[in-house]
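One structure is given below, encoded as structure tokens.
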Amino acid sequence: MQVEHSLEQWSELASTFEAFFSTYGTTTLSDESCTFVADPRKVETAFSIHRDGRFTASMPLHEVDARVDDVIFGMEEKTLQCKGAFGEYTYRIPQQLIGA
């Protein structure tokens, strides 16, 4: 199942973000941003999206910082796809968290 939200659907996006990430680490939600941070003893990774469209993702060996228009949560695939003028970026929840 996939769930897609635009930035204009901020409250729905934040609710889906919480449901998607809360099992795998710490989530922090506000009127301006949603942030996920994993337990660094398992794997160092984080993902944040801001209401103005900025998003950042970090994992071992890479980091991205861009602007997004639409976010697609792949619930079964454990992916978060960001689409915007920059193109597309897919964040995958690391296996270390899924199997932990």
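Rule-based calculations on the coordinates, nothing more; no lab input. This is a predicted model, so every value here is computed, not measured.
Assorted remarks:
- With contributions of -39500 (n - 2.57) from each DSSP H run of at least four residues, the per-residue ellipticity at 222 nm computed over the chain stands at -4500 deg cm²/dmol.
- Seen against the Cα atoms of the chain and their longest principal axis, helix 10-21 is set at about 10 degrees.
- Most fluctuating residue given options Ala38, Ala57, Ala19, as computed from a GNM of the chain linking Cα atoms under 10 Å: Ala19
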